[in-house]
Amino acid sequence: ITENMRSLRNFFIYRCLFALTFWNRVSLSVENELFTSVSNAFPEDGSEERIKILPLTHTNSCWSEANFDWVVIQNTTESLSLSEITNYNVKNLIPSLSNFRQGSRLQNLTLTNVSVDWSALMQIFQTVWHSSIEYFNINSVTQLSDIESCNFNYSGTSMKALTVRKVLVTDLYFSQDDLYKIFADMNIAALTIAESELIHMLCPSSDSPFRYLNFFKNDLTDLLFQNCDKLIQLETLVLQKNKFESLSKVSFMTSRMKLLKYLDMSNNLLSHDAADVQCQWAESLTELDLSSNELTDSAFECLPVNIKKLDLRNNQITSVPKGMAELKSLKELNLASNRLADLPGCSGFTSLEFLNIEMNLILTPPADFFQSCPRVRELQAGHNPFKCSCELQAFIRLERRSGGKLFGWPAAYVCEYPEDLRGTQLKDFHLSELACNTVLLLVTALLLTLVLVAVVAFLCIYLDVPWYVRMTWQWTQTKRRAWHNHPEEQETVLQFHAFISYSEHDSLWVKNELIPNLEKGEGCVQLCQHERNFIPGKSIVENIINCIEKSYKSIFVLSPNFVQSEWCHYELYFAHHKLFSENSNSLILILLEPIPPYIIPARYHKLKALMAKRTYLEWPKERSKRALFWANLRAAVSINLPVADGNRCDKID
């Protein structure tokens, strides 16, 4: 019931309203009374009620056979929206609109889906022009008949703004001026013709009151408004999504627009050749949108000197030239989605406050940016392929000191390189001071090197490493000479059961005890002694090496005198070298006298190791134990030697 009552109420309201507008003979007092009652019936909150007026034929004196075949979309005391306007019902629309004279409350009119011929369309415009309507929007217009010249009467209008969207002209052959002149000479403040495949627009024939022009998404080219000096009051010009190509020609287009402040040239095909003539912009231009074009670095040679806000997003800019003219008034610069590899300096933008360089190719932003650009209050540098390295550490520290000047921190600042850090937010990336400070790293490395050299030097001195190196070299040289002089000798033939190494201070014991008991006893032991077996003419080292190699065993007579002998040390070293090189058990240690550990030099570390790990024979002081001593020693050196001259027992004295 409530819904039905609401429908009846609305029906009554609209019937009275349209009866009022069509009944010209009604008195002014009655009109005011009815208008007041109708306006009071609408919701005070301004809500819209969508009602379809069905085709009705009335014989009431208020209605003179009117068939309303369009749909009322919105209707208030100040706004009216109609759709589905055709040649069939437009003859009823035009008289209806003519009743909204200047002074009426209707100010906003919107017509949608208009399909009429040229003459009917011009009648609609002419009727609206002399009504109370200030803002006229017409959407989805299809012009069905030939376009003809029209003497349009622009005088006495309340119109302020006209918006025309999606116009389809079916006539392919007509004079362009007949169409463009209608719009070019309109005496209104704002004109919008959008999405209509408009290819040109004439310059007004006289000084134009246009303050706002919007030709969004058409097919306009560089020929627009060239040498046009009639747009003397134009402040805003929108030419987004057209087919402009030359930035310099655009600049000359604006040069005669003395009050132009805002120009939108985004989504065109603009480029600039450095060889072009010098650009000439309107001096009043303060805001310029050149985004989504084909501009390169040379575009900075063709910019308005008084520009305050500049949008160069989505172009092909790789750097900001340092030799460019200064833009001292520039406060906002948008360079997002270009090919910049570094942050631009502020040498040419001394007043810059906002900079956007998102989505470029910046790996490591400089840490001194805010020092070179002290007036910058906000920097948008996120969504770049940051390389997380030592150089980036300084930029991260810069963010902590900037006081929130980095827009989008930390979500938009993520490592791209190296691969193992990809996806890591910069705030979570840390490297040690040592890894990033080159001077500190060099000093640390130098100190460690010095310490290492000192340690190595100390060990070399303490362990007598040079001596061992020298002995190894002599051993190698001796072996090389032996192989060179006797290449046929692939294997050394044993000539002695043992080589005896002892100190000269212990020679009496060796000659009176050791040699007689081994050589004249059982087994015919052949001993190698330096006094009788060293070959004259050869070096002592070479003789030692030869004797050790030709002996089955090496007997070392250990005593405090032994550790003080340099030659004994040589003999022990070469014997020990044979022990490891031939993997043989050829050492026999005889402890003639106890050796206190403290008297063994540090370089005798091999002797210490041998005495600690190997079993040695100790010379017994009791005579009763000496027979066992000689038996053990004889058994240790026992081996069958090849029979040769000089190896017979009867030849030894």
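The values are calculated or read from the model by the stated rules, or taken from the named source; none is laboratory data. Just so you know, these numbers come straight off a predicted model, no measurement behind them. Ideal geometry is used to build each Cβ from the backbone, glycine not excepted, and the neighbour counts take in all protein chains shown. When the accessible area is computed, the model is the full protein with side chains, heavy atoms only, and any ligands, DNA or RNA have been set aside. Shrake-Rupley method; radii C 1.70, N 1.55, O 1.52, S 1.80 Å.
Filtering the range 267-301 to residues that are touching a strand residue (DSSP E or B) at 6+ places or on another chain (Cβ under 8 Å) and modelled with pLDDT under 90 leaves only ASP276. Here's a check for you: in the range 201-215, which residue that is open to solvent by 60 Å² or more (accessible area, probe 1.4 Å) and under 50 Å from the mean Cα position of the chain (by Cα) is nearest to VAL164 (Cα to Cα)? Checking each candidate, the answer is TYR212. Has the range 349-366 got at least one residue that is within 23 Å of ASN314 (Cα to Cα), surrounded by 17 or more Cβ atoms within 10 Å (Cβ to Cβ) and among the charged types (D, E, K, R)? Among the residues of the range 349-366, at least one is within 23 Å of ASN314 (Cα to Cα), surrounded by 17 or more Cβ atoms within 10 Å (Cβ to Cβ) and among the charged types (D, E, K, R), which makes the answer yes. Exactly one residue among VAL141, VAL164, VAL114 is farther than 23 Å from VAL238 by Cβ, open to solvent by less than 40 Å² (accessible area, probe 1.4 Å) and in the same structural domain as THR86 (by the TED database), and that residue is VAL114. SER248 meets the conditions (1) open to solvent by less than 70 Å² (accessible area, probe 1.4 Å); (2) under 23 Å from LEU295 (Cα atoms); (3) in a loop (DSSP other than H, G, I, E, B) in every case but one. The failed one is (3). How many residues are of a type in the set (Phe, Trp, Tyr) and outside any loop (DSSP other than H, G, I, E, B) if we restrict to the range 395-428? Looking only at that region, the number is 2. Residue check: GLU332 meets all listed conditions (1) closer than 30 Å to SER284 by Cα; (2) surrounded by 20 or more Cβ atoms within 10 Å (Cβ to Cβ) but one, namely (2).
Checking each residue in the range 142-162 for being of a type in the set (Val, Ile, Thr) and assigned to a loop (DSSP other than H, G, I, E, B) picks out ILE147, THR157. Taking the conditions (1) modelled with pLDDT of 85 or more; (2) in contact with a Cys (Cβ under 8 Å, 6 or more places away or on another chain) in turn, LYS331 satisfies each one other than (2). Kindly establish whether ALA394 is surrounded by fewer than 16 Cβ atoms within 10 Å (Cβ to Cβ) and over 30 Å from VAL277 (Cα atoms). Judged against the criteria, ALA394 is a match.
Of the residues GLU489, GLU433, which is modelled with pLDDT of 70 or more and among the acidic types (Asp, Glu)?
On the way: GLU489 fails: modelled with pLDDT of 70 or more.
That would be GLU433, the only listed residue that is modelled with pLDDT of 70 or more and among the acidic types (Asp, Glu).
Checking each residue in the range 303-316 for being open to solvent by less than 80 Å² (accessible area, probe 1.4 Å) and over 14 Å from MET265 (Cα atoms) picks out ASN306, ILE307, GLN316. With respect to SER551, determine if the residue is over 21 Å from ALA635 (Cα atoms), out of contact with any Lys or Arg (no Cβ under 7 Å at 6 or more places or on another chain), at pLDDT 80 or above and open to solvent by less than 30 Å² (accessible area, probe 1.4 Å). Spelling it out, it is not the case that SER551 is over 21 Å from ALA635 (Cα atoms), out of contact with any Lys or Arg (no Cβ under 7 Å at 6 or more places or on another chain), at pLDDT 80 or above and open to solvent by less than 30 Å² (accessible area, probe 1.4 Å).
Taking the range 167-181, which residues are open to solvent by less than 60 Å² (accessible area, probe 1.4 Å) and either within 53 Å of the chain's Cα centre (by Cα) or at pLDDT 95 or above (or both)?
So the first thing to find is which residues in the range 167-181 are open to solvent by less than 60 Å² (accessible area, probe 1.4 Å), and the list is 167, 169, 171, 174-175, 178-180.
Residues satisfying the conditions are VAL167, VAL169, LEU179, TYR180.
Pull up the range 554-567, narrow it to residues that are of a type outside the set (S, T, N, Q) and open to solvent by 10 Å² or more (accessible area, probe 1.4 Å), then point me to the one that is nearest to HIS497 (Cα to Cα). Please lay out each step first, then the result.
Narrowing the range 554-567 to residues of a type outside the set (S, T, N, Q): 555-558, 560, 562-563, 566-567.
From what's left, open to solvent by 10 Å² or more (accessible area, probe 1.4 Å): 560, 566-567.
Values: PRO560: 26, GLU566: 24, TRP567: 21 Å.
It comes out as TRP567.
Which ones in the range 182-195 are open to solvent by 20 Å² or more (accessible area, probe 1.4 Å) and either under 11 Å from ARG165 (Cα atoms) or not aliphatic (A, V, I, L, M) (or both)? Residues satisfying the conditions are PHE183, ASP185, ASN187, GLU195.
For the range 216-232, give me each residue that is open to solvent by 30 Å² or more (accessible area, probe 1.4 Å) and polar (S, T, N, Q). Give the steps one after another, and end with the answer.
From the range 216-232, those open to solvent by 30 Å² or more (accessible area, probe 1.4 Å) are 216-217, 219, 221, 223, 226-227, 229-230, 232; that's our starting set.
If the condition is that a residue be open to solvent by 30 Å² or more (accessible area, probe 1.4 Å) and polar (S, T, N, Q), then THR221, GLN226, ASN227 are the ones that fit.
Scanning the range 253-277 for residues that are open to solvent by less than 50 Å² (accessible area, probe 1.4 Å) and within 10 Å of LEU288 (Cα to Cα) yields LEU263, ASP264, MET265, SER266.
Would you mind stating whether ASP264 is at pLDDT below 95 and either within 38 Å of the chain's Cα centre (by Cα) or under 22 Å from ARG313 (Cβ atoms) (or both)? Before you say what the answer is, go through the steps one by one.
Details: at pLDDT below 95: no; either within 38 Å of the chain's Cα centre (by Cα) or under 22 Å from ARG313 (Cβ atoms) (or both): yes.
No, not satisfied.
Of the residues making up the range 126-138, those that are modelled with pLDDT of 95 or more and either crowded, with 19+ Cβ neighbours inside 10 Å or part of a loop (DSSP other than H, G, I, E, B) (or both) are PHE136, ILE138.
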